[in-house]
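The values are calculated or read from the model by the stated rules, or taken from the named source; none is laboratory data. From a predicted model like this one, the values you see are computed outputs, not experimental measurements. Here the Cβ positions follow ideal geometry from the backbone for every residue, glycine too, while neighbour counts run over all protein chains shown.
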Amino acid sequence: MKDIIKLRKELEKNLDAQRFEHSLGVEYTAACMAFIHGGDVMNARIAGLMHDCAKCLSDDDKIKIMEKAGCPPLQEELDNHSLLHSKCGAIVARDKYGIEDEDILNAIRFHTVGRPMMSLLEKIIYIADFIEPGRKNLIIMEDVRKAAFKDVDQTLLWIMEAVRGYVESKGYPVAPSSLAAYEYYKNQIKPDMALRNLK
């Protein structure tokens, strides 16, 4: 198991102050969620801390890292460069920071668009990234934060719906991978109307 204090010190050198603070917030939130939902707390801390480890690299560097690792960007990632850091981050976490646990790497890899059949850790990091204490206090945020400690799947679906609605409202296409994840969970999870009506 990686020494999280050492990881934190290494990561701080490679992120700007705002991104590092966000990463600490996701680490903290993910750990709390793992406690509540029976997940591996240390894995949640590491995945939360490292989820944006490639965020401050240039887009060109991200693409080069992905291509060198044999994981070239998907078209949706080339169309929307904000998606590059997730897949690239999993590579960087493995090759630069020495993280080998596949569940942690997948949690980093899928924390922006999600995927069908996510593990508990993947769900926790996806949600924690959205609700960590430093995030902008959206109208729905208080309710989402409460829900996150009661029902992971309902919260996951709620956030996916909110993100999809936001992207569409801005006139941007929703990434196909994100749509696939949303459609999967929409069919797996009975919608909670109380949550839906709060959007």
Residue pairs qualifying under the 6 Å Cβ cut-off, at least six apart or on distinct chains, with the first in the range 134-156 being without any contact (Cβ under 8 Å) to a residue 60 or more places away in the chain and the second being in a helix (DSSP H, G or I) and charged (D, E, K, R), are Leu156/Lys123
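Results for (1) over 21 Å from Thr155 (Cβ atoms); (2) surrounded by fewer than 18 Cβ atoms within 10 Å (Cβ to Cβ); (3) without any contact (Cβ under 8 Å) to a residue 60 or more places away in the chain, shown as yes or no for each residue.
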{"position": "Arg19", "(1), (2), (3)": "yes, yes, yes"}
{"position": "Ala31", "(1), (2), (3)": "no, no, yes"}
{"position": "Ile36", "(1), (2), (3)": "no, yes, no"}
{"position": "Val41", "(1), (2), (3)": "no, yes, yes"}
{"position": "Ala47", "(1), (2), (3)": "no, no, no"}
{"position": "Met50", "(1), (2), (3)": "yes, no, yes"}
Is there any pair linking a residue in the range 68-88 that is at pLDDT 95 or above to one that is crowded, with 16+ Cβ neighbours inside 10 Å and of a type in the set (Asp, Glu), with Cβ under 6 Å and at least six apart or on different chains, and which? Leu84/Glu77
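Considering only residues that are touching a Leu at 6+ places or on another chain (Cβ under 7 Å) and part of a helix (DSSP H, G or I), look in the range 153-175 and name the one that is surrounded by the fewest Cβ atoms within 10 Å (Cβ to Cβ).
Here is the first cut: in the range 153-175, the residues touching a Leu at 6+ places or on another chain (Cβ under 7 Å) are 154, 158, 175.
Okay, now just the ones that are also part of a helix (DSSP H, G or I), so 154, 158.
Working: Gln154: 19, Trp158: 26.
The extreme case among them is Gln154.
Kindly evaluate Leu120 against the criterion of being within 26 Å of Gln18 (Cβ to Cβ), surrounded by 17 or more Cβ atoms within 10 Å (Cβ to Cβ) and not charged (D, E, K, R).
On the way: within 26 Å of Gln18 (Cβ to Cβ): no; surrounded by 17 or more Cβ atoms within 10 Å (Cβ to Cβ): yes; not charged (D, E, K, R): yes.
Spelling it out, it is not the case that Leu120 is within 26 Å of Gln18 (Cβ to Cβ), surrounded by 17 or more Cβ atoms within 10 Å (Cβ to Cβ) and not charged (D, E, K, R).
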In the set Asp101, Asp52, Asp61, Asp95, which member is charged (D, E, K, R) and in contact with a His (Cβ under 8 Å, 6 or more places away or on another chain)? Asp52
